Every structure is written in structure tokens, then in C-alpha cells.
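Chemist: Quick one: the structure is below, questions incoming.
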Amino acid sequence: MNILPVSFGKVVEVRGKTNSTAYNIASLANSPVENKTHKAIQKDAKELFDDVTPKGKVRVYEAPSGEQFLLSGKDAEVVTFDERAAARKIRREETSHKLIDLEYINEIKERTNLGIKQYIKTHMAPFAITIGEVKGEHRIQYEIE
């Protein structure tokens with residue numbers, strides 16, 4: 001049995017036909033306004049991501065490998081913090097040297113992605129989601145790993 005560490009957020013892999021699937025689900029989950037066209041998907045998304053915090057809204061993380069993940073709550077906050085810290089390091093590198101050390105910048109990006117990938121691997125839900133049709137209505141469907 002796969003037991004996830006205690007977390008106040010979620011990390012869920014998204015398997016969609018297009019890259020916009022994850023962004024659309026995140027947008028519906030974060031929206032305070034009811035979407036009349038995608039009402040069922042929005043309801044499913046809000047139920048799945050019921051742990052949203054002001055700093056930890058549902059967000060998309062695209063791994064360099066092309067995989068997409070939705071993160072919410074504290075998990076979204078951790079990944080956002082790591083990405084921002086890496087961006088600050090890169091800005092400091094670009095502004096403090098006349099010659100930009102591209103190898104160092106690529107190393108920062110690689111280490112950050114590796115850290116995020118490891119975080120996702122240890123906190124990821126044991127299922128992935130996709131959008132499918134159920135009784136003529138589009139819904140979030142779960143694929144058990």
C-alpha cells in the first residue's frame with residue numbers, strides 16, 4: 001500500500017489530449033465564478049482541490065519531460081517558492097557579472113527542476129486525472145496508478 005506523507009495540499013498528474021487540459025482544470029478550480037459551460041468539471045475540480053490556500057491556489061507545473069502536474073495548498077506554495085528562489089539566483093547572476101555564466105544558470109535550472117521533481121515524486125497522489133465523457137457530460141476521471 002502506498003502511503004503519502006502528511007501534506008496540506010495535493011500533487012496530481014494530469015494526462016490530457018492537449019497541454020491546455022491542466023491549465024483549464026486549474027483555472028476552473030481557482031475561479032470563484034461558476035462556469036456555465038464546464039459546470040461539472042469545475043465542480044469536480046473544486047472537490048478534488050479542496051485544500052486551496054490564498055498563497056497555494058491550484059497551479060500547473062510542467063516538468064522538462066513534458067509531464068504536467070496540478071499542485072494545490074502547501075504543495076503549490078513549496079514549488080512556487082523553489083521556482084522563485086531559482087529565478088532570484090539567476091537574476092543575481094545576470095546582474096552581478098558582465099559575462100553571464102550560462103553553465104551556472106543552466107545548473108540552477110537543472111537543480112531546481114530536479115528538486116521539484118523529487119518533491120512531486122514523494123508527494124504525488126496515487127492516481128492521475130484526465131477529462132472524459134460520462135453520460136454525455138465532460139467530467140474529471142481518475143486513472144489509478
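Chemist: Does region 18-44 hold any residues that are in contact with an Asp or Glu (Cβ under 8 Å, 6 or more places away or on another chain) and over 17 Å from Val60 (Cα atoms), and which are they?
Modeler: The answer is Ala40, and nothing else.
Chemist: Can you name the residue in region 51-76 that is in contact with a Gly (Cβ under 7 Å, 6 or more places away or on another chain) and open to solvent by 20 Å² or more (accessible area, probe 1.4 Å) and, of all such residues, is nearest to Thr122 (Cα to Cα)?
Modeler: The selected residue is Lys74.
Chemist: Restricting attention to region 80-114, report how many residues are open to solvent by 70 Å² or more (accessible area, probe 1.4 Å), in contact with a helix residue (DSSP H, G or I) (Cβ under 7 Å, 6 or more places away or on another chain) and of a type in the set (S, T, N, Q).
Modeler: Looking only at that region, the number is 0.
Chemist: While we're on this one: Could you run through region 1-47 and say how many residues are at pLDDT below 90 and among the aromatic types (Phe, Trp, Tyr)?
Modeler: Summing the residues that are at pLDDT below 90 and among the aromatic types (Phe, Trp, Tyr) in region 1-47 gives 1.
Chemist: Of the residues that make up region 105-126, is at least one of a type in the set (Gly, Ala, Ser) and in contact (Cβ under 8 Å) with a residue 40 or more places away in the chain?
Modeler: yes
Chemist: Hey, another quick one. Just checking, does region 59-70 include any residue being under 24 Å from Lys109 (Cα atoms) and touching a residue at least 60 places away in the same chain (Cβ under 8 Å)?
Modeler: yes
Chemist: Restricting the search to region 119-145, which residues are β-branched (Val, Ile, Thr) and within 21 Å of Asn19 (Cα to Cα)?
Modeler: Within region 119-145, Ile120, Ile129, Thr130, Ile131, Ile140, Ile144 qualify.
The values are calculated or read from the model by the stated rules, or taken from the named source; none is laboratory data. Here the structure is a predicted model, which is why all the values come from computation and not from measurement. As a convention, Cβ positions derive from the backbone with ideal geometry for all residues, glycine included, and neighbour counts pool all protein chains shown. Just so you know, the surface numbers come from the protein's heavy atoms only, side chains and all, with ligands and any DNA or RNA stripped out. Shrake-Rupley method; radii C 1.70, N 1.55, O 1.52, S 1.80 Å.
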